[in-house]
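Each remark here refers to the structure printed beneath this line.
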């Protein structure tokens, strides 16, 4: 995948993560990232959401759809 495609895919995933966060769908993932990386759920929310988006991107080939 080229850098442009990679950036576009990451951006799309990040936008979906932001949307899911606004709907309150990521509380478990946010709590997990908070504990793993010792981050504050409010002060470090942008970084946490970026970690979640990157995690989805790098695991997309191995994720199971239920």
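Restricting attention to region 22-38, does a residue exist that is touching a helix residue (DSSP H, G or I) at 6+ places or on another chain (Cβ under 9 Å), outside any helix (DSSP H, G or I) and buried (at least 16 other Cβ atoms within 10 Å of the Cβ)? Yes. Looking at 13, 56, just one residue is surrounded by 10 or more Cβ atoms within 10 Å (Cβ to Cβ) and modelled with pLDDT of 95 or more, and that residue is 13. Looking at (1) more than 12 Å from the chain's Cα centre (by Cα); (2) surrounded by 11 or more Cβ atoms within 10 Å (Cβ to Cβ), can you tell me which one residue 43 breaks? Single failed check for residue 43: (2).
The values are calculated or read from the model by the stated rules, or taken from the named source; none is laboratory data. Just so it is clear, the structure is predicted and the values come from calculations on it, not from any experiment. Glycine gets a Cβ as well: all are built from the backbone with ideal geometry, and neighbour counts include every protein chain shown.
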